[in-house]
Amino acid sequence: MKDRLIGIAYKENEPLDKHTTFRIGGPARFFVMPKNRKEIVQVVKACKETKMKYFLLGNGSNVLFMDEGYDGVVIQIGDAMNKISLDGQTIYAEAGAMLGKVAMMAKDASLTGMEFAAGIPGTLGGAIVMNAGAYGGEMKDIVVSVDVLDEDGTLHTYSCEEMQFGYRTSRLCGKEFVVGAAIALSQGNKEDIVGRMDELKNARITKQPLEYPSAGSTFRRPEGYFSGKLIEDAGLRGVSIGGAMVSEKHCGFVINHNHATAKDVLTLIAFIQRKVYDTFQVKLEPEVKIIQ
């Protein structure tokens, strides 16, 4: 594999706990940091030819890697692909741009519609793949078009409708990779935009366990319910297994309370699922991506 990565930044046996907001995960056999579309294609082609599995990573804010690590290639789309540009009321950003920075550019230009995204700790690419959202807003509300590469290196541009956005999902399932997207916003009042962002920031600080590593909301929202309320009503607030714990501040979050392992987290997730189902006959599905 090494001879196929000449000229591309990479590390061997890179600890994945350094690259996820959960702060959990063993080493990746190869951790590759392409700086442009051409290098992404080169890496994916090399993985296919050598029959090595690969995973595309953004900021690592919604993933859980195993304690044993990842015996393959982790391709991080990050700082090397984070350009953001503004054209009127449309922002174009590369996949590695942090969502919060894109929202800040919108604020500085007095553009409204992206306030909900200011506190989401992910990259634009990751946010699009899972149609990230918060406080009543979702990426599908602002995305106009998405540029993606397929495994053969062909560039496709999908409209918002073609992206097939749903609740924390889209048409992208690992065979196509976001390289950039256009976001359409509306002219607004900067003071109002700042006020809304501050309001949502304070709500996050008050209601979410930001002081501990986590992957955000651990479970998808079941139809007609809120996962955090179900977990709380099942008597699981503060329950822990090893270093993993149901947050006392928000029961919808499993947090890395004390040097948790992936095994701790998975065992706690399974325990929560059983308890909630036994109590309410509601099945909770993980929102966090479990990568093996």
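The values are calculated or read from the model by the stated rules, or taken from the named source; none is laboratory data. Please read these numbers as outputs of a predicted model, since none were measured by experiment. Using ideal geometry, Cβ is built from the backbone for each residue, glycine included, and neighbour counts are taken over all protein chains shown. To get the accessible areas, we keep the full protein, side chains included, count just its heavy atoms, and leave off ligands, DNA and RNA. Shrake-Rupley method; radii C 1.70, N 1.55, O 1.52, S 1.80 Å.
For segment 131-208, what number results from the quotient of the Cα radius of gyration and 2.2 N^0.38 Å?
Details: Rg = 15.6 Å, N = 78, 2.2 N^0.38 = 11.5 Å.
That works out to 1.35 for segment 131-208.
From largest accessible area down, sort Lys107, Lys263; use a 1.4 Å probe on the protein chains.
Descending order: Lys263, Lys107.
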**Length added when fully stretched, Asp67-Arg274, from 0.36 nm per residue minus Cα-Cα** = 72.2 nm
**Item:** From the C-alpha gyration tensor of segment 1-156, square roots of 5λ in Å
**Value:** 29, 18, 12
**Request:** Any chance you could get the radius of gyration and Dmax over the Cα atoms of segment 213-266, in Å?
**Result:** 10.8, 34
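Report the full-extension gain for the segment Gln187 to Met104: residue separation times 0.36 nm, less the Cα-Cα distance, to one decimal in nm. All intermediate terms of the calculation are to be shown ahead of the outcome.
Working: separation 83, 0.36 × 83 = 29.88 nm, distance 1.43 nm.
Contour length minus Cα-Cα distance gives 28.4 nm.
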**Message:** In whole percent, and with a 1.4 Å probe on the protein chains, what portion of the accessible area of segment 117-274 is carbon and sulfur?
**Reply:** 49
**Prompt:** Gain in length, Glu161 to Ile6, computed as 0.36 nm per residue apart minus the alpha-carbon separation, to one decimal in nm?
**Reply:** 52.0 nm
**Request:** Give me the orientation-averaged projected area of the Cα convex hull of segment 26-68, in nm², one decimal.
**Result:** 3.5
**Complete:** For the chain, averaging the sequence separation of alpha carbon pairs under 8 Å that lie six or more residues apart and dividing by its residue count, the contact order in percent is 17
**Message:** Could you compute how much accessible surface Thr20 exposes when probed at 1.4 Å, giving the result in Å² to the nearest 10?
**Reply:** 0
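Give the peptides 231-240, 117-126, 27-36, 48-57 in descending order of average Cβ contacts within 10 Å, highest first.
For the peptides 231-240, 117-126, 27-36, 48-57, the packing ranking is 117-126, 27-36, 231-240, 48-57.
Given a Förster radius of 30 Å and the C-beta distance between Arg171 and Glu285 as r, what FRET efficiency does 1/(1 + (r/R0)^6) yield to the nearest 0.05?
It comes out at approximately 0.95.
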**Message:** Using a probe radius of 1.4 Å on heavy atoms only, what accessible surface per residue do you get for segment 212-292? Whole Å² is fine.
**Reply:** 52
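Leaving ligands, DNA and RNA out of it, rank Ser217, Ser61 by accessible area with a 1.4 Å probe, largest first. Could you put the intermediate results ahead of the total?
Values: Ser217 50, Ser61 30 Å².
The ranking, largest first, comes out as Ser217, Ser61.
Just to be sure I understand: if I project the alpha-carbon convex hull of the chain onto a plane and average over all orientations, what area do I get in nm²? Kindly include the intermediate steps, with their values, before the conclusion.
Numbers: hull surface 60.1 nm².
Taking the Cα atoms of the chain, their convex hull projects to 15.0 nm² on average.
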**Item:** Furthest towards positive pole of dipole, Met98, Gly7, Val73, structure part segment 1-113, Cβ charges
**Value:** Gly7
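Let me spell out the model: positive unit charges on the Cβ of Lys and Arg, negative unit charges on the Cβ of Asp and Glu, origin at the Cα centre of the chain. What dipole size does that give, in debye rounded to 20? Present the calculation step by step, with values, prior to reporting the outcome.
Numbers: 35 positive and 36 negative charges, 95 e Å.
That gives the chain a dipole magnitude of about 460 debye.
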**Complete:** If R0 = 35 Å, then Thr50 and Lys83, at their Cβ-Cβ distance, give a FRET efficiency to the nearest 0.05 of 0.70
**Request:** Identify all lysines with a Cα-Cα distance to Lys35 below 22 Å; exclude those on the same chain that are fewer than 8 residues away in sequence.
**Result:** Lys2, Lys11, Lys18, Lys45, Lys48, Lys53, Lys83, Lys101, Lys175
**Request:** Quick one: divide the alpha-carbon radius of gyration of segment 103-174 by 2.2 N^0.38 Å and tell me what you get.
**Result:** 1.14
